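Colleague: If you scroll down you'll find the structure; I have some questions about it.
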Amino acid sequence: MSAAIVLAGLTRAFDGAAAVSHLHLSVDVGEVVLVEGSNGSGKSTLLKVVATALSPTFGSGSVLGADLVRDRSWIRGRVELLGHEPRAYADLTAVENLRFVCALYGLPGALAEPALERVGLAEVATVRAGSFSRGMRQRLALARAVMRDPDVLLLDEPYSGLDALARLLVEDLVDEARERGHTVLLASHERPRPGLVHRTVRMDAGRLHEEART
Amino acid sequence: MSVVPAVMSAVAAKDLRMEARGRHAASSVMPFAVTMLLAFGFALGPDRPLLAQTAAGLLWLSATFAAVDLFHRAYRTESDDGALGGLLLAPGAAGGVYLGKAAAAAVQLWLLVVATGLLVALLFGLPVTHHPLLLLMVAAAGVVGLSAIGSLFGLLTVLGRRQAALPVLVLPLVSPVLIAAIRATQAAVSGDPGQAAGWLSVLAAFDAAFLALGYLVYGHLLED
């Protein structure tokens, strides 16, 4: 099986302090990997580096065979990072927010409505995102992932602020990505339902400590 | 449509739609510009010829100071909810994002300059009827230059929260644009279209240079 994500001795430092240090990781295409770790362990930094939102300080890496530094633009077209912030504009409606994403990625705007339907926001499609609760904003962010259908999905604490129903939605999306042979890196300090992930890796103080196949 | 024009028009339309709904700039930038003009008017006194002589400078000065706030606000909406991260991760879109932000700022500034220009005409006796089309073109060229610089450095206000650095960076750099816009406006209102056209060409050259610089540099500022 070919590798979707390869990191070799990857270090990312902020003001001289390494958030991720000498990290080696290989994730196969179609694999779902849980990255466990407490707050500040480096999970978010790892995902941001894979998404090319941050450059490695040392070391190298590739996503779907493309170099993390040289081929950033190509990688960005194939990766979706759902981070702590939902990235929604308060003065735009839910559907306008998604159509804007479509324009940025060269996708047809018609994808927006079905994506909102999928995450249960169809009834508030024309309501401004500024009036949404945190959970609804998280759902809007999930709709972005549904719409883009990326080859590599990076989920950073996706359960944060979600109710039980929305948690199921996240896990359904991971399942669907897996069925389509897409790769998922899920960073969370909460355990997903059994059987959702193929493998678990643990981060502590910026280092990858243990690895277990589930 | 290729990536850059599509992203540019999407970002510009998004910014203008948000401004039309939120009226953030209209509610703060416009009153600021009007207050500045009135303050200048009272400071200079009732000397009508002096007011008319200085009107072009006052108009562009008030527009420039008001523009600094507009550039800051244009990026504050990007920092809420981490929207800027979405722009960063859009593939090959940095140049389009910059041009879109600059285009939206230019439209808003043009409306501001036209509105304050009418006020200046009314209060200070600026003769705007000699060459109205030329004046509108000068206004357009001037605001494009201001927007090209402000939309580049406005990004710094959300990267590392260096809001205080915006006027320090922007005001010295806009000086050539400001001088050319003032001279073109003065020439147009004093009935010298030839000289106005000359200054308009200088403005256009500044616009092209600053837009090209912003287009090339923006992606590097946006990264990391």
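Colleague: Between B:Ala115 and B:Ser27, what is the label-to-label distance in nm when each label sits 7 Å out along the Cα-to-Cβ direction?
Modeller: 1.4
Colleague: Please work out the Cα center distance from the range B:1-46 to the range B:161-206, rounded to the nearest Å.
Modeller: 18
Colleague: While we're looking at this one, here's another question. Within straight cross-link reach of B:Lys14, meaning Cα distance under 29 Å, which lysines are found once same-chain residues fewer than 8 apart are removed?
Modeller: Within the straight-line limit of under 29 Å, B:Lys14 reaches these lysines: A:Lys48, B:Lys101.
Colleague: Treating only the Cα positions of the range B:83-179 as identical point scatterers, give the base-10 log of I(q)/I(0) from the Debye formula at each q in 0.15, 0.24 Å⁻¹.
Modeller: Log-scaled intensity ratios, in q order: -0.71, -1.25.
Colleague: Moving on. Quick one: net charge around A:Glu176, please, counting Lys, Arg +1 and Asp, Glu -1 for every other residue with C-beta under 12 Å from its C-beta.
Modeller: Numbers: positive: A:Arg118, A:Arg178, A:Arg180; negative: A:Asp149, A:Glu171, A:Asp172, A:Asp175, A:Glu179.
Result for the local shell: -2.
Colleague: What average number of partner chain Cβ atoms lie no more than 10 Å from the Cβ of the residues making up B:22-30?
Modeller: Shielding by partners across B:22-30 averages 1.
Colleague: Looking only at A:Val101, A:Val184, A:Val146, which one moves most when chain A is put into a Gaussian network model with springs between Cα atoms under 10 Å?
Modeller: Residue with maximal mean-square fluctuation among A:Val101, A:Val184, A:Val146: A:Val101.
Colleague: Now for a different question. Give the average, rounded to an integer, of partner chain Cβ atoms located within 10 angstrom of each Cβ in A:80-90. Provide the component values of the computation, followed by the final result.
Modeller: Values: counts 1, 3, 0, 4, 2, 8, 4, 10, 5, 11, 7.
For peptide A:80-90, the averaged partner shielding equals 5.
Colleague: Per-residue counts of other Cβ atoms within 10 Å, averaged by peptide: what ranking do you get for B:131-144, A:85-98, highest first? Don't skip to the answer; put the middle values down first.
Modeller: Details: B:131-144: 21.2, A:85-98: 23.4.
Going by the mean number of other Cβ atoms within 10 Å, highest first, we get A:85-98, B:131-144.
Colleague: Please compute, for peptide A:136-143, the average count of beta-carbon atoms on other protein chains lying within 10 Å of each residue's beta-carbon. Display every interim value, and only then the final one.
Modeller: Working: counts 0, 1, 0, 0, 1, 3, 0, 0.
What the average comes to for A:136-143 is 1.
Colleague: Please sort B:172-181, A:173-182 by packing, taking for each peptide the average over its residues of neighbouring beta carbons within 10 angstrom, highest first.
Modeller: Numbers: B:172-181: 19.5, A:173-182: 16.3.
Peptide ranking by packing, descending: B:172-181, A:173-182.
Colleague: Which net charge results when you count Lys and Arg as +1 and Asp and Glu as -1 among the other residues whose beta-carbon is under 15 Å from that of B:Val7? Let's see the in-between values first.
Modeller: Details: positive: A:Arg76, A:Arg99, B:Lys14, B:Lys101; negative: B:Asp15, B:Glu78.
Counting the neighbours of B:Val7, the net charge comes to +2.
Colleague: Cα atoms only, the range B:3-222: Rg and Dmax in Å?
Modeller: Rg then Dmax for the range B:3-222, in Å: 17.4, 57.
Colleague: Taking only Cα atoms of the protein assembly as shown, what ratio of Rg to Rh do you get with Rh as the Kirkwood inverse-distance radius?
Modeller: We get a ratio of 1.07 for the protein assembly as shown.
Colleague: I want to make sure I understand the PRE zone here: with the label point 7 angstrom from the Cα of A:Leu168 toward its beta carbon, which residues in the range A:184-204 have backbone N atoms less than 16 Å away?
Modeller: So the set is A:193-194.
Colleague: Next question, about the same structure. Given R₀ = 45 Å, what would the calculated FRET efficiency be for A:Arg134 paired with B:Leu221, taking r from the Cβ atoms and rounding to 0.05? The partial results should precede the final answer.
Modeller: Numbers: r = 30 Å, r/R0 = 0.67.
After rounding to 0.05, the efficiency reads 0.90.
Colleague: Based on the Cβ-Cβ distance from B:Asp47 to B:Ala212, what FRET efficiency comes out when R0 is 41 Å, to the nearest 0.05? Numbers along the way, then the final one.
Modeller: Working: r = 43 Å, r/R0 = 1.04.
So, using R0 = 41 Å, E works out to roughly 0.45.
Throughout, read-outs are computed from the coordinates displayed, never taken from laboratory work. Please read these numbers as outputs of a predicted model, since none were measured by experiment. Cβ sites come from the backbone with ideal geometry, for glycine too, and all protein chains shown count toward neighbours.
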